[in-house]
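The values are calculated or read from the model by the stated rules, or taken from the named source; none is laboratory data. Keep in mind it's a predicted model, so treat the numbers as computed, not measured. Methodologically, a virtual Cβ is constructed for each residue, glycine included, from the backbone with ideal geometry; neighbour enumeration extends over all protein chains shown. To get the accessible areas, we keep the full protein, side chains included, count just its heavy atoms, and leave off ligands, DNA and RNA. Shrake-Rupley method; radii C 1.70, N 1.55, O 1.52, S 1.80 Å.
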Amino acid sequence: MSEFDNAIPGDLVENAAAVRARVAEAAARVGRHPEDVLIVAVTKTVALERMLAAARLGFATFGENRVQEAQEKQDHLRETLGQGQTPTECAAIRWELIGHLQTNKAMRAVEQFARIQSVDSVRLAQELDRRAEQFNPDVRLPILLEVNVAGEASKSGFAPDDVLAVVGAITNLPHVLPQGLMTVAPLVSDPEEVRPVFRRLRELRDRLRETAPQGEDNDGGWRELSMGMTDDYPVAIEEGATIVRIGRGLFGARPPAHG
Ligand SMILES: *Cc1c(COP(=O)(O)O)cnc(C)c1O
């Protein structure tokens, strides 16, 4: 179809197989099923063509950390495909936001993403609730609360203690559906060093599940744990991750400015 040919780059084929094998091994070490871990392919700075190649390899959920970049890719995809031409891979793609969202971009985010993983304030949750109602009053927008477990000044996210304090207010919002927690672990040389961070997020999730009000259409509430990236996802899976977000491990190194 037009500019996209169907050849899948060899490095992507190899990386995808390696990531899937490591996910399965990590899950097996702790008696979990690999199907219980969603791999989100993180495509910041990755060209649309490579993203579609990953879709052809069976990856269906893609993570972007900026509204603008996701918008450009979605526009490009629409233009390239033309009206009424929707290859299966396009219909199958789910976009999720994993980076900090400014409230003034909430409407665009609601239009573009199937889930917002990076909700880091009550104000943002309220704004997403308002915008989700405008966008589609019949469907609740899935969200995760981002937690700054290690308390790093450079990172956004709720302090762990604050999550328990705000959970009532957020659960009461009628147009968003809180499904769990997300964290970005500190950068370390040995992934074992961040095991306690992942463990704390899981313990926090477990406490939430005990205490958070579970609405009748919220029965999957607070189940998800989005944690683990290229350098540490096997440890995160051992600690209970239900979602891992993998960029470099699939697509290779990014330009330095993007970490
Ligand atoms: C970039 C990014 C990732 C993926 O990072 P890799 O180390 O390339 O796997 C995951 N989560 C967030 C929030 C990111 O910004």
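Would it be correct to say that residue 240 is closer than 15 Å to residue 26 by Cβ, more than 16 Å from the ligand (Cβ to nearest atom) and either in contact with a helix residue (DSSP H, G or I) (Cβ under 7 Å, 6 or more places away or on another chain) or modelled with pLDDT under 95 (or both)?
Numbers: closer than 15 Å to residue 26 by Cβ: yes; more than 16 Å from the ligand (Cβ to nearest atom): yes; either in contact with a helix residue (DSSP H, G or I) (Cβ under 7 Å, 6 or more places away or on another chain) or modelled with pLDDT under 95 (or both): yes.
Yes: the conditions hold for residue 240.
Just one of 67, 42, 122 is within 24 Å of residue 221 (Cβ to Cβ) and either within 16 Å of the ligand (Cβ to nearest atom) or at pLDDT 95 or above (or both); which is it? Outline the logic, then answer.
Working: 67 fails: within 24 Å of residue 221 (Cβ to Cβ); 42 fails: within 24 Å of residue 221 (Cβ to Cβ).
122 is the lone residue from the list that is within 24 Å of residue 221 (Cβ to Cβ) and either within 16 Å of the ligand (Cβ to nearest atom) or at pLDDT 95 or above (or both).
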Worksheet item: Of (1) open to solvent by less than 20 Å² (accessible area, probe 1.4 Å); (2) touching a Lys or Arg at 6+ places or on another chain (Cβ under 8 Å); (3) part of a loop (DSSP other than H, G, I, E, B), residue 180 satisfies all except one. Which?
Response: (3)
Practice prompt. Can you confirm whether region 196-218 contains a residue that is at pLDDT 95 or above and within 13 Å of the ligand (Cβ to nearest atom)?
Written response: no
Discussion item. Being away from the ligand (no atom under 14 Å from the Cβ) and either within 30 Å of residue 111 (Cβ to Cβ) or of a type in the set (A, V, I, L, M, F, W, C) (or both): is that true of residue 165 here?
Written reply: yes
Item to complete: Of the conditions (1) assigned to a helix (DSSP H, G or I); (2) open to solvent by 20 Å² or more (accessible area, probe 1.4 Å); (3) at pLDDT below 95; (4) not β-branched (Val, Ile, Thr), residue 83 clears all except one; give me its number.
Response: (1)
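Condition check: charged (D, E, K, R), at pLDDT 95 or above, part of a helix (DSSP H, G or I) and more than 13 Å from the ligand (Cβ to nearest atom). Does residue 89 satisfy that? Steps first, answer last, please.
On the way: charged (D, E, K, R): yes; at pLDDT 95 or above: no; part of a helix (DSSP H, G or I): yes; more than 13 Å from the ligand (Cβ to nearest atom): yes.
Here the answer is no, as residue 89 does not meet what is asked.
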Worksheet item: Taking residue 257, is it farther than 24 Å from residue 207 by Cβ, in a loop (DSSP other than H, G, I, E, B) and among the aliphatic types (A, V, I, L, M)?
Response: no
Response to the item:
Counted residues in region 19-66 being touching a His at 6+ places or on another chain (Cβ under 6 Å) and open to solvent by 40 Å² or more (accessible area, probe 1.4 Å) come to 1
